[in-house]
1. Could you please rank 107, 132, placing first whichever residue has the fewest other Cβ atoms within 10 Å of its Cβ?
2. Can you give me the distance in nm between label points at residue 82 and residue 31, each placed 7 Å from the Cα along the Cα-to-Cβ direction?
3. For a protection proxy built on the mean count of beta-carbon atoms within 10 angstrom, sort 62-68, 88-94, 124-130 highest first, please.
4. Work out, step by step, the length gained on full extension between residue 97 and residue 126: first 0.36 nm times the residue separation, then minus their alpha carbon distance; give nm to one decimal.
5. Could you tell me whether the stretch 37-175 comes out rounded, prolate or oblate from its Cα gyration tensor? Rule is a ≥ b ≥ c as square roots of the eigenvalues, rounded for a/c under 1.5, then prolate if a/b exceeds b/c, otherwise oblate.
6. Could you check the simple spin-label distance between residue 38 and residue 70, using points 7 Å along Cα→Cβ, in nm with one decimal?
Amino acid sequence: MRRISTLAVLPAMLAVLVGSAASAVASPAETREVISGEVLRLVSVQDRPAMSTMAPGEPVAWDVQVSANRPDGEIALSLTATGAEGAFEVQVAECGAEGTACTEQLIGPTTVGATPVELGTQPAAEQVWYRITTELITPEHGAEHGAELALRFVAAGSGEEVSAGGGGDLPATGGPHRGLVLAALIAVACGVLLRFGGALVASSRVHVAGSEGGPRLPGERRW
């Protein structure tokens, strides 16, 4: 085997390994949960790994659908939270469909605490999606400090109340940053390739050296 062929394959192998590592880190892991009362129904869609690895400047979305099996009356909506005081900002918007056309803002960036934040009402006859966007705004509450946030989206109407999130359902933030995980995977991949590549180059050199000089055997081809 010629030496140049051995070296040429290494970048391609590195690209494959790095791409695989990035895909493993960036792959979505959404959890869909249905919470039903006698009348009210919530559908909660959230990315738990993204929430648990939140970092400043990386907002994470949580989608909730609200509906009822009775068309009369209205459903009141509110949001509460527990966690590091002032560490997170939350926005809520009404969407035209799940995760899309979220143009009608119910609350702008605000910190949410134990006191409920009223989001308004919706007709019980409608099925409406909402997007709750959460962002870590204080680096000092980042992953290394184990900042936590637990949100609770509440729907009340027809004499009952149902909620999604809370009690750890919406994971606490504070895990390792995704960028650090990716960097570690890339470093491992590079180390493996350097060791493997060195072995291939050494093997190639031995083969070429052994082919030089000496009588040519019948049918032998030399590079």
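Every number here is computed from the coordinates shown, using simple stated rules; none is lab data. All of these numbers come straight from a predicted model, not from anything done at the bench. No Cβ is skipped: glycine too gets one built from the backbone with ideal geometry, and neighbour counts run over all protein chains shown.
1. Details: 107 16, 132 26.
With the fewest neighbours first, 107, 132 line up as 107, 132.
2. Those two pseudo-labels are separated by 1.6 nm.
3. Numbers: 62-68: 22.3, 88-94: 20.0, 124-130: 16.7.
Ranking the peptides 62-68, 88-94, 124-130 by packing returns 62-68, 88-94, 124-130.
4. On the way: separation 29, 0.36 × 29 = 10.44 nm, distance 1.22 nm.
Working it through step by step, the gained length comes to 9.2 nm.
5. Details: a/c = 2.15, a/b = 1.90, b/c = 1.13.
It comes out prolate by the Cα gyration axes.
6. 0.8
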